[in-house]
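One structure, as structure tokens, below. Some questions next.
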Amino acid sequence: MDAFYASVEQHDNPELKGKPVAVGGSQERGVVAAASYEARKFGVRSAMPSKTAYHKCPSIIFVRPRFDRYKEVSDVIRGIFHEYTDLVEPLSLDEAYLDVTSNKKGIPSATLIAKAIRKDILAKTGLTASAGISVNKFLAKVASDYHKPNGMTLIGPDKVITFLEQLEIEKFFGVGKVTAQKMKRLGINTGADLKSWSEEALRANFGKSGSFYYKIVRGQDDRPVNPERIRKSLGAENTFNYDLVELIDMKMALEPIAQTVIRRLDKAESYGKTLTLKVKFKDFTQITRSKTLETPITNYDALLDNSFDLLEQIHWEDFPSGVRLLGITCSNFESETIEEEEHEGMQLTLNF
């Protein structure tokens with residue numbers, strides 16, 4: 001989906017259409033969970049402090065997240081996916097891999113299937129989606145981002161190597177900002193540059209990830225689409241520029257961390273019953289405190305309130321003054337009770 005959270009807000013409130021919108025936080029505090037394309041033109045991005053977003057775009061409009069609404073729209077989109085195939089692997093509320101090799105409607109072309117799905121999404125939700133079509137998950141993911149928003153990119157089997165060789169290194173899915181900067185310092189600016197490196201040299205510079213980079217630049221990705229992928233935990237933490245001493249300062253510091261965690265839980269569509277608070281003190285002493293609830297934590301308020309409870313239960317007199325890091329993790333997901341089934345089948349062919 002294109003700028004999903006922000007697009008839902010603009011769809012539900014026509015007054016926001018065409019305006020720079022940030023979901024999450026406020027002008028003074030918090031972080032941006034999502035930004036409309038109008039806001040992105042000013043350099044506003046997700047996970048950016050709200051204060052920074054405001055300085056980049058003084059006309060930005062902050063909207064409080066409505067995750068229940070996003071989940072509702074996501075369910076409609078997920079239903080559309082399953083009209084075409086049961087092999088749907090969600091990456092988040094707004095993104096998924098689909099294996100359409102053998103599809104329910106008998107459509108002989110993957111490109112036609114993508115067009116039909118995008119048309120159905122627009123008709124049922126009023127929102128636009130972008131699609132990537134290719135021979136494996138890595139290539140489809142890269143293709144899905146190539147012509148956003150409201151675009152579609154096909155990387156056919158005979159175009160894979162040519163496409164990857166000319167692709168800028170920062171557009172490779174799995175190559176983060178820091179890694180991209182390191183690669184550029186080593187003279188790796190495009191896929192062609194990356195392809196010229198041996199697997200041994202890449203492993204020497206990037207560890208185990210080196211083998212991954214060696215394969216993907218050659219279009220190699222054998223991961224199947226797994227509709228029952230299981231996550232164990234999701235979380236976030238922050239190391240502060242100065243030690244926190246007052247409890248009120250720690251609570252304020254937990255707010256953006258909780259926003260990041262709930263956003264990641266929402267993207268993974270995995271909600272856990274167990275919450276763990278991590279505290280690291282100025283002398284690097286580290287402790288954790290956990291609690292398990294009867295029902296999964298599915299919203300920001302519940303996540304933050306329970307994190308505050310864990311923070312208040314700590315006997316601070318037993319530890320050195322000054323906290324340098326706080327973290328929140330959710331685990332014990334409902335999806336962990338799902339048993340994966342083994343599937344046997346033969347490889348089919350599909351036109352692109």
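The values are calculated or read from the model by the stated rules, or taken from the named source; none is laboratory data. What you see is a predicted model, and the numbers here were worked out from it, not measured in a lab. Cβ placement follows ideal geometry from the backbone for every residue including glycine, while neighbour counts extend to all protein chains displayed.
Yes or no: segment 137-153 includes at least one residue that is more than 17 Å from residue 221 (Cβ to Cβ), at pLDDT 95 or above and of a type in the set (Val, Ile, Thr).
no
Out of the residues in segment 162-178 meeting the condition of being among the hydrophobic types (A, V, I, L, M, F, W, C) and in a helix (DSSP H, G or I), tell me which one is modelled with the lowest pLDDT.
In this case the residue turns out to be 178.
If a residue has to be surrounded by 19 or more Cβ atoms within 10 Å (Cβ to Cβ) and outside any strand (DSSP E or B) to count, how many in segment 81-98 make the cut?
Number of matching residues: 6.
Which condition breaks for residue 188 when tested against (1) touching a Lys or Arg at 6+ places or on another chain (Cβ under 7 Å); (2) not assigned by TED's automatic domain parsing to the domain that holds residue 306; (3) not charged (D, E, K, R); (4) not in a helix (DSSP H, G or I)?
Status for residue 188: all satisfied but (1).
Could you tell me how many of the residues in segment 265-307 are at negative phi and not in a strand (DSSP E or B)?
Initially, segment 265-307 is screened for residues at negative phi, giving 265-268, 270-283, 285-307.
With the extra rule that they be not in a strand (DSSP E or B), the set shrinks to 265-268, 270-271, 282-283, 285, 293-307.
Residues flagged as at negative phi and not in a strand (DSSP E or B) within segment 265-307 amount to 24.
Being closer than 24 Å to residue 156 by Cβ and of a type in the set (A, V, I, L, M, F, W, C), is that true of even one residue in segment 71-78?
Step one: filter segment 71-78 for residues closer than 24 Å to residue 156 by Cβ, giving none.
No, the conditions are met nowhere in segment 71-78.
Now, a different point. When you check residue 201 against the structure, is it in the same structural domain as residue 143 (by TED's automatic domain parsing), under 17 Å from residue 138 (Cβ atoms) and part of a helix (DSSP H, G or I), yes or no? Spell out how you get there, then give the answer.
Details: in the same structural domain as residue 143 (by TED's automatic domain parsing): yes; under 17 Å from residue 138 (Cβ atoms): no; part of a helix (DSSP H, G or I): yes.
So residue 201 does not fit the description; no.
For segment 208-249, enumerate the residues that are closer than 30 Å to residue 332 by Cβ and without any contact (Cβ under 8 Å) to a residue 12 or more places away in the chain. Steps first, answer last, please.
Pass one, segment 208-249, residues closer than 30 Å to residue 332 by Cβ: 208-209, 212, 223-240, 244, 247-249.
Scanning segment 208-249 gives 208, 248, 249.
OK, next. How many of the residues in segment 140-157 are within 17 Å of residue 110 (Cα to Cα) and assigned to a loop (DSSP other than H, G, I, E, B)?
The qualifying residues number 3.
For residue 53, only one of the following conditions fails: (1) under 20 Å from residue 266 (Cβ atoms); (2) hydrophobic (A, V, I, L, M, F, W, C); (3) in contact with a helix residue (DSSP H, G or I) (Cβ under 6 Å, 6 or more places away or on another chain); (4) surrounded by 16 or more Cβ atoms within 10 Å (Cβ to Cβ). What is its number?
(3)
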